[in-house]
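Please read the structure below before turning to the comments.
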Amino acid sequence: MKFVHVATRTRDLEGAVRFYEQLGLRETRRRELTKGQATLVFLEPEEANFAIELVYNWGKDDAYPGGERFGHFAFEVEDIDEILPAIERLGGRVTRPPYLLEGDGPRLAFIEDPDGNAIELIQRHVT
């Protein structure tokens with residue numbers, strides 16, 4: 001398993017990008033989600049050992065309350081289907097069963113840990 005990113009929502013995407021660039025991170029990818037009506041921007045340090053995902057939900061220009069601002073932790077896993085039963089046995093909960101992002105991958109699932117923290121599981125190599 002590999003820790004991939006942490007996500008947070010922003011109402012000023014370009015301002016947030018400039019802020020994190022000032023800290024030494026650089027934009028490595030950007031994706032427009034037409035179905036989800038959001039723009040995702042990933043920023044990474046030079047070492048590329050983690051990323052911050054900035055999420056801008058289109059039309060959401062008001063400040064987010066603290067509980068809505070934090071998105072989730074993300075882990076890349078080899079096989080989502082293999083790990084989900086163990087997650088549930090250990091007190092976790094599947095909140096969104098496996099699906100392909102925007103229909104063309106990668107394969108994702110969302111779970112909650114026993115304390116309710118959101119976690120995204122990413123399976124990049126779909127068989």
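Read the figures in this text as sums done on the coordinates, not as results from a lab. Computed from a predicted structure; not experimentally measured. Positions of Cβ are generated from backbone atoms using ideal geometry, with glycine treated the same way; all protein chains shown enter the neighbour counts.
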Fill in: the stretch 56-127: C-alpha gyration tensor shape, a/c 1.5 cut-off, then a/b vs b/c
oblate
Discussion item. Going by Cα centres, the stretch 56-119 and the stretch 1-49 are how many Å apart?
Written reply: 17 Å
Discussion item. I want to check the label-to-label distance for H125 and F19. Put each point 7 Å from Cα in the C-beta direction and report it in nm to one decimal.
Written reply: 3.7 nm
Worksheet entry | Reported label for calculated semi-axes √(5λ) of the Cα gyration tensor in Å given (i) 23, 20, 12; (ii) 18, 18, 15; (iii) 25, 17, 15 | (iii)
Practice prompt. Under 17 Å from a label point 7 Å along Cα→Cβ of T8: give me every residue in the stretch 108-124 with its amide N that close.
Written response: 118
Worksheet entry | Under-5 Å amide H pairs with A38, H placed in peptide plane, nonlocal only | L33, W58
Worksheet entry | In degrees, nearest ten, helix 80-89 long axis to first principal axis of the chain (Cα) | 70 degrees
Worksheet item: In degrees from 0 to 90, rounded to the nearest 10, what is the angle of the helix 13-22 Cα long axis to the longest principal axis of the chain?
Response: 90 degrees
Worksheet item: What are the residues whose amide H is under 5 Å from the amide H of R11, where those residues sit 5 or more places off or on another chain and H is modelled from the backbone?
Response: none
Discussion item. Could you derive backbone 3J(HN,Hα) for the stretch 32-41 from the dihedral phi with the Karplus parameters 6.51, -1.76 and 1.60 (θ = phi - 60°), listing whole Hz in sequence and x where the residue is Gly or Pro?
Written reply: 9, 9, 5, 5, x, 6, 8, 10, 10, 10
